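Have a look at this one.
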Amino acid sequence: MKKNLFFAAAFLLVAGGAMAQGNTGTVTQTGNANSSQIEQAGRGNVATTKQSQNGNTASQSQSGRENSASITQSANWDTPPNTNNHTQIQSGDNNTASAITYNSDNFGLQNQDGNDNSARLVQAGGNNSVYMDQVGDNNTAFAEQQHGRNNLVDIDQTGNDNAAYVYQRGHRNTATVDQMGDGNNVGTRAYGAEYLGVRQEGSDNSGTISQDGYNNDALVHQNGDFNAGMISQDGEMNLATIMQDGDRHRATVTQSGNSNTATVTQSNGGI
């Protein structure tokens, strides 16, 4: 009887240990002078880094449960010091962060503090930077920088259920999105996912969106050079759109209150 109880207790101990979920970290590096660091605390976290060519740097920190972080970097243009550098920090549960970058001198920082947040960036160019900061739950941030240099994206989300989408193609474009509250959208809901919130194609464009409140929607599209568009929303269920086609346009929309609608369309046609 005692022998049977001993084996039963041993089985439960092994089974309990098998059920406990650990963390998984994977690093794959091909080339020279690449650096990677992974720190994990909690359960069920997964961190993956893939680096090829030379001089890339990756850092991933996870605290909580069931978080997923992925960095893929390839510096094709040159050897060090022309390198890529990306950092991902996750604190909470079920957050997802992804960074994919090609070529050289790109920088990315993704910080998630909360649960069920999603952050994704794609860079194909050089000297581009993306900053993403999410504090709260169920926020979504996406940035894509294609075929250009010296572009900047800064997305800050504080609250829950906010979404921001940014696309840049060209040189020296700047996009800033600041969301504070719940359910604010830059490029979703009223427009559909295929319409990105800040879309810049050209050079030296500036797009800024600030949302403070609930369920506001904003869109800035710029096609040309040296355009500036700024939207500020404070309240609930406001809608603002800026469409700029051509060069050297300036547009500002300020909304304070609820259920306001504003559209600004600018072009160089007819000149």
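We did not get these values from a lab; they are worked out from the coordinates using the rules stated. All values reported here derive from a predicted model rather than from experimental measurement. Every residue, glycine among them, receives a Cβ derived from its backbone with ideal geometry; neighbour counts consider all protein chains shown.
Considering only DSSP beta bridges with both partners in the chain, what is the antiparallel share in %, to the nearest 5?
Numbers: 0 of 159 bridges.
Taking every DSSP beta bridge within the chain, about 0 percent pair in antiparallel fashion.
Over all alpha-carbon pairs of the stretch 131-235, lay out the pair-distance distribution in 10 Å bins, whole %, shortest bin first.
In whole percents, the pair-distance histogram is 18, 52, 26, 4.
I would also like to ask the following. Place a +1 charge on the Cβ of each Lys and Arg in the chain and a -1 charge on the Cβ of each Asp and Glu, then give the dipole magnitude about the Cα centre in debye, rounded to the nearest 20.
On the way: 13 positive and 25 negative charges, 210 e Å.
The calculated dipole for the chain is roughly 1000 debye.
Once the stretch 29-104 is represented by equal point scatterers at the alpha-carbon sites, with solvent omitted, what log10 I(q)/I(0) does the Debye formula produce at q = 0.26 Å⁻¹?
The Cα Debye sum returns log10 ratios of -1.03.
Would you tally the net charge around Ser256, using a Cβ to Cβ cut-off of less than 15 Å, leaving Ser256 out, and scoring K and R as +1, D and E as -1?
Summing Lys/Arg as +1 and Asp/Glu as -1 gives -3.
Looking only at Cα atoms, what is the convex hull volume of the chain per residue, in Å³?
Details: hull volume 35.7 nm³, N = 271.
Spelled out: Cα convex hull of the chain, divided by residues, is 132 Å³.
Taking the Cα centre as origin and putting +1 on Lys and Arg beta-carbons and -1 on Asp and Glu beta-carbons, what dipole magnitude results for the stretch 62-191, to the nearest 20 debye?
520 debye
Here's something else I'd like to know. Can you tell me what the convex hull of the Cα atoms of the stretch 218-271 projects to on average, as an area in nm²?
Values: hull surface 13.7 nm².
Mean orientational projected area (the stretch 218-271, Cα hull): 3.4 nm².
While we're here: Work out, step by step, the length gained on full extension between Gln146 and Thr254: first 0.36 nm times the residue separation, then minus their alpha carbon distance; give nm to one decimal.
35.9 nm
Please work out the Kirkwood hydrodynamic radius for the stretch 55-164, using every pair of different C-alpha atoms, and report it in angstroms with one decimal place. List each step's numbers first, then the result.
Working: mean 1/r = 0.0730 Å⁻¹.
Kirkwood hydrodynamic radius for the stretch 55-164: 13.7 Å.
Separate question: With runs of 4+ DSSP H residues as the only contributors, calculate the mean residue ellipticity of the chain at 222 nm using -39,500 (n - 2.57) per run, divided by the residue total and rounded to the nearest 500.
On the way: 1 runs with 18 residues, N = 271.
So the calculated ellipticity at 222 nm is -2000 deg cm²/dmol.
While we're here: What's the extension gain from Ala262 to Met237 if we count 0.36 nm per residue and subtract their Cα-Cα distance? Intermediate results must be reported in sequence, preceding the final value.
Numbers: separation 25, 0.36 × 25 = 9.00 nm, distance 1.20 nm.
Contour length minus Cα-Cα distance gives 7.8 nm.
Using only Cα atoms and rounding to the nearest 10 degrees, what angle (0 to 90) does helix 2-19 make with the longest principal axis of the chain?
Orientation of helix 2-19: about 20 degrees from the principal axis.
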